[in-house]
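S.K.: Below you'll find the structure I mean.
Derivation of every value follows stated rules applied to the coordinates shown; laboratory data play no part. Since we're looking at a predicted model, the values are computed, not measured. Positions of Cβ are backbone-derived with ideal geometry, glycine not excepted, and every protein chain shown enters the neighbour counts.
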Amino acid sequence: MPEEPCQCPDCQRFYREHDRLIRENPSLRQQQELNWAALQSFRTLAGRVLEELQKQYGDAPEPTAGAAPGGDPGAAATTAETEPIQQAMADLENINAHLFSIEALMERVFDVRVPDEVEQKFRELAGELAPDPLNADRLRLNRLLHQTPDLPDHRP
């Protein structure tokens, strides 16, 4: 018996978005373009944020653990304040490197072409995987399920 999907708000939002993306992009080609655009937008935004942070905070080296005693107390406070920013910048550099690797892999996926018959199969299965939530049959089914007292999540 399959495990029930999580019902938390974040997972529910993910499921809705997942289904919407399948409904609105039901072909291989549309999925390829969607993923390429999402990847590029992520790289563009993360790269731009990193550039702005580097302009604002510079590429300051990580503070050393054995800082000289009697040094400037203001420098220690500044280092403590910018440490989270410096860590975020390092994380963004890593994200950008990973996104670049994903882009290289996606280029291979983007090159794949399939015959029209296969594209049609994508469209057929998209309708099964992510039916229109406003479809009259689906609305009736949801209403029936919510009225069934023997379901484990039903609360009278």
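S.K.: Tell me, what is the FRET efficiency for E33 and E81 to the nearest 0.05, using R0 = 41 angstrom and their Cβ-Cβ distance as r? Could you put the intermediate results ahead of the total?
M.R.: Values: r = 43 Å, r/R0 = 1.04.
E between E33 and E81, to the nearest 0.05, is 0.45.
S.K.: Stretch A104-H18 to full length: gain in nm at 0.36 nm per residue minus the Cα-Cα span?
M.R.: Numbers: separation 86, 0.36 × 86 = 30.96 nm, distance 2.38 nm.
Going from the current span to full extension adds 28.6 nm.
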